[in-house]
Amino acid sequence: MTTPNLHPSGTGAKIVGSTGGAGPGPEVMAATTLNGDKVMSSDGEHVGKIADLMVDVRSGRIAYAVLSTGGFLGLGNTLHAIPWSALTLDAIDRCFVVDIPAQRLKDEPGFDKDHWPSMADEKWGATVHHYYNREPYWTATRDISEGRDS
């Protein structure tokens, strides 16, 4: 028996490796278990940790992972909204890999904990997705709901 592909191409985080254990994960996991997971860049540099996952309540999809970089004990952190589809979960090394080099991530201005962007603003979201070379998640969701999934 084959497992159906419930995730259209390009709409979620990829998974590499398998833990093979019983219980949840890595395909379905509690969001809180991902908070604090380290994030590596595509060129192998440790760039920060997952601080939060942002859910698009209307679609029920993870919109962004919030990456926390720099700082010490939560002070002076820079936060970055990373499209969920730009991440790969490495189930063996228990980390995420973002699909851009470290310097490109450092060049992205980000935001601080007291000045979050309006993540529901499609113009802002399209800019973020373009930076990470990803199609905005809401267009993929719209295509699926309108029966245009190939």
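Values quoted throughout were computed directly from the atomic coordinates according to the rules given, and no laboratory measurement underlies them. This one's a predicted model, so the numbers in the text were calculated from it and none came from an experiment. Neighbour counts are summed over all protein chains in view; Cβ atoms, including those assigned to glycine, are modelled from backbone coordinates with ideal geometry.
Give me the one-decimal Kirkwood hydrodynamic radius in Å for the stretch 53-142, with the sum taken over alpha-carbon pairs.
13.9 Å
Of the residues Val39, Val16, the one with the fewest other Cβ atoms within 10 Å heads the list, and the complete ranking is Val16, Val39. Of Phe111, Phe96, the sequence from fewest to most neighbouring Cβ atoms within 10 angstrom is Phe111, Phe96. Taking amide hydrogens as placed 1.01 Å from N in the peptide plane, the amide H of Asp52 sits under 5 Å from those of Val66, each at least 5 positions away in sequence or on another chain.
Here the Karplus relation 6.51 cos²θ - 1.76 cosθ + 1.60, evaluated at θ = phi - 60°, turns the backbone of the stretch 61-70 into coupling constants of 9, 6, 8, 9, 9, 9, 9, 9, 10, x Hz, with x for every Gly and Pro. Here Arg104, Arg134 are placed in order of increasing Cβ neighbour count within 10 Å, fewest first, which gives Arg104, Arg134.
In this label model, Thr127 and Asp93 are separated by 3.2 nm, measuring between points 7 Å along each Cα→Cβ vector.
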